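Where a number appears in this text, it was derived from the coordinates with a stated rule and is not lab data. Keep in mind that what you see is a predicted model, and the values were worked out from it rather than measured. Virtual Cβ from ideal backbone geometry, glycine too; neighbours counted across all protein chains shown.
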Amino acid sequence: MSTKSTNGTQRAGNASGRRELGKSGITRQRILDAAARIFAEKGYGRTPMGEIAQEAGIHITALYYHFSTKDDLAEGVINHGAQLNYAQIVERLDELSREATFIERFRVAVRAQLEGVVARRSYVLAQSKILSELPEARQERHRALLRQSADLWRGLLREGRAAGMLREDLDLSVARMVLQGSINWTIEWYRPGGRDIAEIAGQIADTILTGMQ
């Protein structure tokens, strides 16, 4: 089970599927983490595979064992971050009781996504820098993962409207984009050890809900 911390970032970092990784899985994770950090800083073109191997503390042959090309690694980074963030929201919602209200579910989802963005800041920044550099087929596979997350939020907002908690004239597509944009933007100003994540999530939820009700 994931562990709790005062600001939620440790729990967010551990909510990666709750599976035990073998030696190969641990090495792969180290590569992804190292690549995310360097891609986030330098982008795609200025990041050599050798530098990623050095950052991960492995020989470059081990890097190529896990990712045969730079495109494979770049896609692996952005897809990994998206998959974990989506899984974290689903997991937190599934933990709620069947009697949970829309407001409760909405707040939990906002906090889960915010914690994921903060815990995997390098992955989010890397995605913004390297997605457009990848071949279209790889971009589309990643966008399919993003659509999965968008669909989750669409369903949650429709649930709120059906429960009479959201205005009938509200454009749910706009509301979703404003919400996700607000959460994702926190990587530009939030720093670990700063304001409490739960407090920030609550304020984002309150601000959005005030405009939707």
query: Rg(Cα) of the stretch 25-90 divided by 2.2 N^0.38 Å?
result: 1.08
Dipole magnitude of the stretch 18-171, debye to nearest 20 (Cβ charges: Lys/Arg +1, Asp/Glu -1, about Cα centre): 200 debye
task: Just need log10 I(q)/I(0) for the stretch 145-213 at q = 0.23 Å⁻¹, Debye formula, equal scatterers on the alpha-carbon atoms, no solvent, rounded to two decimals.
output: -1.07
field: Pair Y44, S24: separation of 7 Å Cα→Cβ label points (nm)
entry: 2.8 nm
query: Can you list the HN-Hα couplings for the stretch 150-158, worked out from phi with the Karplus curve (6.51, -1.76, 1.60; θ = phi - 60°), rounded to whole Hz and with x for Gly and Pro?
result: 4, 5, 4, 5, 4, x, 5, 5, 5
field: Theoretical FRET efficiency, 1/(1+(r/R0)^6), r = Cβ-Cβ of W185 and D72, R0 30 Å, to 0.05
entry: 0.50
query: Using mean Cβ contacts within 10 Å as the protection proxy, how do 124-130, 163-169, 178-184 order, highest first?
result: 124-130, 178-184, 163-169
query: So how far apart, in nm, are the two label points at T207 and A100 if each is 7 Å from Cα heading toward Cβ?
result: 2.3 nm
statement: Under the 7 Å Cα-to-Cβ spin-label approximation, H59 and M177 lie apart by a distance in nanometres of 5.0 nm
Directionally averaged shadow of the chain, computed from the convex hull of its alpha-carbon atoms, nm²: 12.5 nm²
- request: Using the Karplus curve 6.51 cos²θ - 1.76 cosθ + 1.60 with θ = phi - 60°, work out ³J(HN,Hα) for each residue of the stretch 171-185 in order, rounded to whole Hz, and write x for Gly and Pro.
  value: 7, 5, 5, 5, 4, 5, 5, 4, 4, 5, x, 4, 5, 5, 5
- line: Per the helix-only model, the chain has a calculated mean residue ellipticity at 222 nm (DSSP H runs of ≥4, -39500 (n - 2.57) each, divided over all residues, rounded to the nearest 500) of -23000 deg cm²/dmol
query: Under Stokes-Einstein, with the Kirkwood radius over Cα pairs standing in for Rh, what whole-number D in µm²/s applies to the stretch 49-159 at 20 °C and 1.002 mPa s?
result: 137 µm²/s
task: Rounded to the nearest Å, what's the spacing between the alpha carbon centres of the stretch 164-213 and the stretch 35-82? Just the number, please.
output: 32 Å
query: Most exposed first by the Cβ proxy, i.e. fewest other Cβ within 10 Å, how do V117, V174 rank?
result: V174, V117
